[in-house]
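Working notes for the structure below.
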Amino acid sequence: RKEVEQDPGPFNVPEGATVAFNCTYSNSASQSFFWYRQDCRKEPKLLMSVYSSGNEDGRFTAQLNRASQYISLLIRDSKLSDSATYLCVVNQLTTDSWGKLQFGAGTQVVVTP
Amino acid sequence: DVKVTQSSRYLVKRTGEKVFLECVQDMDHENMFWYRQDPGLGLRLIYFSYDVKMKEKGDIPEGYSVSREKKERFSLILESASTNQTSMYLCASSLVNSYEQYFGPGTRLTVT
């Protein structure tokens, strides 16, 4: 079983609509959670961290559900520029001070005019 | 502005060749990483380094080695390239204990 699982999509979203998708993680010891964004043929970039209380960054809202071991990302008022692959990333602290990041395979979002 | 550069965007090598992939960061980051990215599998960690001359195996180190002689440079070496090493290779760096990794543009390696 993969440590981080995502629906690969694509999620086809009309411009202006809302889209939401989840990611599940298998290791209950995971402590930190992130969403990275990867544009086509580009490198991943940090979109936002995910906090236990949930957090917003403009049109983006991230939620964490520890009991069910999933995180979610919601995009409101979708723009054409939101078209990308969204990578779910989970950190698990190891015995040394450095934590390894586990990346999901990504959820593709396509925003259409 | 944060910058991670990789020596090549595209590389074609033959089976059995020794391949060097270079990564340089200009942010004085302590941590550097090498990943490969394959469709449906996501990014998988090959090796990482948290200091000069220090290296740790990631999830899939077999067939690879690394070198970090200077803080800003982290090299990935394929001792004898094989066709199953055809992939996108991404280098990243981060500050110590930071979860934000900065990625290079990637090297698409094809082994024929």
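Taking all protein chains together and rolling a 1.4 Å probe, B:MET54 ends up with roughly 80 Å² accessible. Among the trypsin sites (Lys or Arg not before Pro) within the range A:1-67, those in coil by DSSP and having at most 16 neighbouring Cβ atoms inside 10 Å are A:ARG1, A:LYS2, A:ARG41, A:LYS42, A:ARG59, A:ARG66. Under 5 Å from the amide H of B:GLU17 lie the amide H atoms of B:ALA81, each residue being 5 or more positions distant or on a separate chain, with H modelled from the backbone and absent for Pro and chain starts. Checking the Cα-Cα distances for A:LYS100/B:LYS55; A:LYS2/A:LYS45; A:LYS45/A:LYS79; A:LYS2/B:LYS53 against a 20 Å cut-off, the pairs over it are A:LYS2/A:LYS45; A:LYS2/B:LYS53. Shape analysis of chain A places it in the prolate category; the axes a ≥ b ≥ c from the Cα gyration tensor give an a/c of at least 1.5, with a/b above b/c.
With 0.36 nm allotted per residue and the present C-alpha distance subtracted, the B:THR5-B:ARG73 stretch has 23.5 nm of extension available. Here the 3J(HN,Hα) profile of the range A:67-79, calculated from phi with Karplus coefficients 6.51, -1.76 and 1.60 at θ = phi - 60°, is 4, 9, 6, 9, 10, 9, 9, 10, 10, 9, 6, 4, 10 Hz, Gly and Pro shown as x.
Mind checking the dipole of chain A: about its Cα centre, +1 per Lys or Arg Cβ, -1 per Asp or Glu Cβ, Debye to the nearest 20?
Numbers: 11 positive and 11 negative charges, 25 e Å.
In debye, rounded to 20, chain A gives about 120.
When the GluC sites (Glu not before Pro) in the range B:15-112 are filtered for DSSP coil states and for at most 15 other beta-carbon atoms within 10 Å of their beta-carbon, the remaining sites are B:GLU17, B:GLU62, B:GLU79, B:GLU100. In order along the range A:100-113, the phi-based Karplus estimate (6.51 cos²θ - 1.76 cosθ + 1.60, θ = phi - 60°) of 3J(HN,Hα) comes to 8, 8, 10, 9, x, 6, x, 10, 8, 10, 10, 9, 10, x Hz; Gly and Pro are listed as x. Among B:VAL52, B:VAL19, B:VAL96, the largest mean-square fluctuation in a Gaussian network model of chain B, built with springs joining Cα atoms closer than 10 Å, belongs to B:VAL96.
3J(HN,Hα) along the range B:93-107: 9, 7, 5, 4, 6, 9, 8, 8, 9, 9, 9, x, x, x, 10 Hz, from the Karplus curve 6.51 cos²θ - 1.76 cosθ + 1.60 with θ = phi - 60°, whole Hz, x for Gly and Pro. Taking the DSSP bridge list for chain B and keeping only pairs wholly inside it, about 90 percent are antiparallel. Expressed in Å, the radius of gyration and Dmax of the Cα atoms of the range B:1-77 are 12.7, 38. Rounded to the nearest 20, the size of the Cβ-charge dipole of the range B:1-43 about its Cα centre is 400 debye, with Lys and Arg at +1 and Asp and Glu at -1.
Applying a 4.7 Å Cβ-Cβ cutoff to the protein assembly as shown, the cysteines left without a disulfide-compatible partner are A:CYS40.
The values are calculated or read from the model by the stated rules, or taken from the named source; none is laboratory data. These figures come from a predicted structure and were not determined experimentally. All Cβ positions, even for glycine, are placed from backbone atoms using ideal geometry, and neighbour counts span all protein chains on display. Surface areas here come from the heavy atoms of the whole protein model, side chains and all, with no ligands, DNA or RNA. Shrake-Rupley method; radii C 1.70, N 1.55, O 1.52, S 1.80 Å.
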